[in-house]
Each structure stands twice: as C-alpha cells, then as structure tokens.
Amino acid sequence: MVTKISLSQLEQIPFFAGISPESLSNLSQSISSRTRPPRSGVYFPGDTADSVFFLVEGRLKLGNVGEEGREVIKRVVVPGEMFGEASLFSTAEREEFAIPMKMSAVFIAVRAADLRHAINGSPELTDRLIQYLGQRVKVAESMMEDYVLKDSRTRIIEFILDKDKEARSAGADSSKAYHFMTHQDIAGITGASRQFVTGVMNELRKLKLIDFNRVSVQVKDRKGLEKAI
C-alpha cells in the first residue's frame, strides 16, 4: 500500500527533524508512506536503487545470502532509521535485501534524486547526512571487531543482552517476553549457525538465565547472563 504524506509528517523522522520547510519543499512530490507484510521484501539484490527509505514501524533486516544459501544479516533497522541510502551515491542495482521481520513494516520512501538535490541545497541536511554516515562507520567497525576478537557464543550472549537493554530502554515490561528475531535471524547477525544458536539458547535456559519460545526471548537473570560470557 502506498500513501502520500505531508512535509509535516516527514519532519517527524529524526533525519529531517528541525530542518527548515524550505529545505524540504522539493521533496513534497516524491515522498510516500508504504507498508510491507512480514517476510516480504522492500527490495532485493538486483533491484533498481532509486529510492531512500525511513522506517516508521516494525523491524527490517538488511543483508545478503552467501554461497551456501546462508543468510548474513548486516544490520537490523529500527523505527526512525534510514535504509537504502546507497542510492544517494550510486544509481546502480541494490546489493542487499531489505525484509520486514515478524511484523509489517511501515516506512517512508523518498526518491533518491530529489533527496540528493535537497541535501546539495541545504547545509543542515548535508551535516545531518555526514553525522549519519559517521555513525554507520562506527557500528560497522564495532561489528568487525566483534567478529575478529570474540567467539560465536560470546557474540550470541552479547546480542541477547543488547536486545534486552534496548527493550528496557524503550519501556518494555521486564516480566514479559520480547523479541523480534528467530534463531535463524540471530545466526545471521552473529555469524553462527542456527544449530549453534539453538544450542547456546538451550544452555542458557537450563541455567535459568533466559526463557524463550519460537517467537520471543526473555532475559530472566541479566547479571547471571553477563557473567556467562
């Protein structure tokens, strides 16, 4: 489903917050709200890279499929974040997939050519883009360090701890289970096999550090889980 949106709605996205209406005026004819159901693609490798997106609701995984059909998740997109930004620098085809996870994804689409034009004419937007790209580089460097310096078990436990922290920061009730990734998704983002992820999860459940089912995870003993690393 595609729905046109107003500039006032666009300004609710963190990337555009506080930017003058004049700087955004040229985007008014190229912004729309779209919805994709769970597991359907926003885009896939080989698709034309002509738009930039901003997630409003849901979660998205970005990544590729390896030679043996193994999914590699490079990043999980949360509400308020940009994705598909490579189209700002190249009109080539997409090199990765963007797929909603477990729930429908609502996002705003902006034509890349129009956003480039707006950025070129706005020092505020240029600075915002530089800050965003700097943050992405830091995250990528941190992930690379994790792969080099930490084993798979440690990466899995730290991932669970990170998601628990994010949920608590967002006001989630710690007495309830919460998650949005399958064991296969966790494997894809931590560089482990699904079987290994399930083995570690079962181990942690036996120790009463976490509980989980097919669609959710709950940290029962955060301090104990931190010591299990």
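In segment 66-99, what count of residues is obtained for those that are in a strand (DSSP E or B), within 15 Å of the chain's Cα centre (by Cα) and closer than 21 Å to L115 by Cα? Total meeting the criteria: 4.
Out of the residues in segment 133-170 that are within 16 Å of the chain's Cα centre (by Cα) and within 17 Å of G188 (Cβ to Cβ), state the one that is most open to solvent (accessible area, probe 1.4 Å). Across segment 133-170, the extreme among qualifying residues is D162.
Suppose we filter G41, G63 for residues that are in contact with an Asp or Glu (Cβ under 7 Å, 6 or more places away or on another chain) and farther than 22 Å from H117 by Cα; which single one remains? Quick ask: steps written out before the conclusion?
Numbers: G41 fails: in contact with an Asp or Glu (Cβ under 7 Å, 6 or more places away or on another chain).
The conditions single out G63.
Table: residues versus (1) of a type outside the set (K, R); (2) in contact with a Ser or Thr (Cβ under 8 Å, 6 or more places away or on another chain); (3) at pLDDT 85 or above; (4) assigned to a helix (DSSP H, G or I).
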site: E158; (1), (2), (3), (4): yes, no, yes, yes
site: D162; (1), (2), (3), (4): yes, no, yes, yes
site: F180; (1), (2), (3), (4): yes, no, no, no
site: G188; (1), (2), (3), (4): yes, no, yes, yes
site: E203; (1), (2), (3), (4): yes, no, yes, yes
site: R214; (1), (2), (3), (4): no, yes, no, no
site: K223; (1), (2), (3), (4): no, no, yes, yes
site: E226; (1), (2), (3), (4): yes, no, yes, yes
site: I229; (1), (2), (3), (4): yes, yes, yes, no
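For segment 34-44, a tally of residues being without any contact (Cβ under 8 Å) to a residue 60 or more places away in the chain and either over 14 Å from F83 (Cα atoms) or under 15 Å from the mean Cα position of the chain (by Cα) (or both) returns 2.
This table checks each residue for (1) of a type outside the set (A, V, I, L, M); (2) open to solvent by 20 Å² or more (accessible area, probe 1.4 Å); (3) free of Cβ contacts under 8 Å to residues at least 12 places away in the same chain.
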| position | (1), (2), (3) |
| --- | --- |
| E22 | yes, yes, yes |
| S32 | yes, no, no |
| G46 | yes, yes, no |
| F53 | yes, no, no |
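Summed over segment 200-214, the residues that are loosely packed, with under 12 Cβ neighbours inside 10 Å and of a type in the set (D, E, K, R) give a count of 3. Among strands (runs of 3 or more DSSP E) entirely within segment 1-64, having at least 3 residues that are within 25 Å of I189 (Cα to Cα) and out of contact with any His (no Cβ under 9 Å at 6 or more places or on another chain) singles out 51-57. Quick check: anything in segment 79-91 open to solvent by 10 Å² or more (accessible area, probe 1.4 Å), touching a strand residue (DSSP E or B) at 6+ places or on another chain (Cβ under 9 Å) and on the phi > 0 side of the Ramachandran plot? For segment 79-91, residues open to solvent by 10 Å² or more (accessible area, probe 1.4 Å), touching a strand residue (DSSP E or B) at 6+ places or on another chain (Cβ under 9 Å) and on the phi > 0 side of the Ramachandran plot: present.
The values are calculated or read from the model by the stated rules, or taken from the named source; none is laboratory data. Keep in mind it's a predicted model, so treat the numbers as computed, not measured. Cβ coordinates were reconstructed from backbone atoms using ideal geometry, including for glycine residues, and neighbour counts include every protein chain displayed. With ligands, DNA and RNA removed, areas are computed over all heavy atoms of the protein, side chains included. Shrake-Rupley method; radii C 1.70, N 1.55, O 1.52, S 1.80 Å.
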